[in-house]
Amino acid sequence: ELARKIGAKRMQTWLDQIPYGTRDLSAGLDVFWLPEKGRKPLLISAQQQAEALQRLLTGNIPFSQSTLTTLKDVMKCRVTEKGTLYG
């Protein structure tokens, strides 16, 4: 529902700006990240995913500070004395 509200043009713009994986929305705006037989999902390698997360965590991504703070907060899985785990 949120993807449909955002719209294909805006979603594509952000996937291109981040950049994130193959940036392919052709499978459908509300399912492009879901693999299914006959559907070509957005693909991202482990290396690309790690690079995207690194850009996010260092703030080297075109999001406002408020958005970065919110994303980091919702991605936080565990905080220990050794560090913070995000996922």
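The values are calculated or read from the model by the stated rules, or taken from the named source; none is laboratory data. This structure is a prediction, so every number in the text was calculated from the model and none was measured. FYI the Cβ positions are ideal-geometry reconstructions off the backbone, even for glycines, and counts take in every protein chain you see. Just so you know, the surface numbers come from the protein's heavy atoms only, side chains and all, with ligands and any DNA or RNA stripped out. Shrake-Rupley method; radii C 1.70, N 1.55, O 1.52, S 1.80 Å.
Does the range 1-31 hold any residues that are farther than 22 Å from Arg55 by Cα and touching a Pro at 6+ places or on another chain (Cβ under 6 Å), and which are they?
Ala27
List every residue pair whose Cβ atoms lie under 7 Å apart, where the two residues are 6 or more positions apart in sequence or sit on different chains, the first residue falls within the range 33-52 and is in a loop (DSSP other than H, G, I, E, B), and the second residue, located anywhere, is exposed (fewer than 12 other Cβ atoms within 10 Å of the Cβ) and not polar (S, T, N, Q).
Pro41/Leu34; Pro41/Pro35
Please enumerate the residues belonging to the range 47-87 that are open to solvent by less than 60 Å² (accessible area, probe 1.4 Å), farther than 18 Å from Pro19 by Cβ and among the aliphatic types (A, V, I, L, M).
Within the range 47-87, just Met75 meets the criteria.
Residue by residue through the range 49-73, note down the ones that are under 24 Å from Gly7 (Cβ atoms) and out of contact with any Lys or Arg (no Cβ under 6 Å at 6 or more places or on another chain).
Correct list: Ala52, Arg55, Leu56, Pro62, Phe63, Ser64, Ser66, Thr67, Leu68, Thr70, Leu71.
Out of all the residues in the range 53-74, which are in contact (Cβ under 8 Å) with a residue 12 or more places away in the chain and in a loop (DSSP other than H, G, I, E, B)?
Of everything in the range 53-74, those that are in contact (Cβ under 8 Å) with a residue 12 or more places away in the chain and in a loop (DSSP other than H, G, I, E, B) turn out to be Ile61, Pro62.
Which one of these does Ala27 not meet: (1) open to solvent by 40 Å² or more (accessible area, probe 1.4 Å); (2) touching a Lys or Arg at 6+ places or on another chain (Cβ under 7 Å); (3) among the aliphatic types (A, V, I, L, M)?
Tallying (1) open to solvent by 40 Å² or more (accessible area, probe 1.4 Å); (2) touching a Lys or Arg at 6+ places or on another chain (Cβ under 7 Å); (3) among the aliphatic types (A, V, I, L, M), Ala27 fails exactly one: (1).
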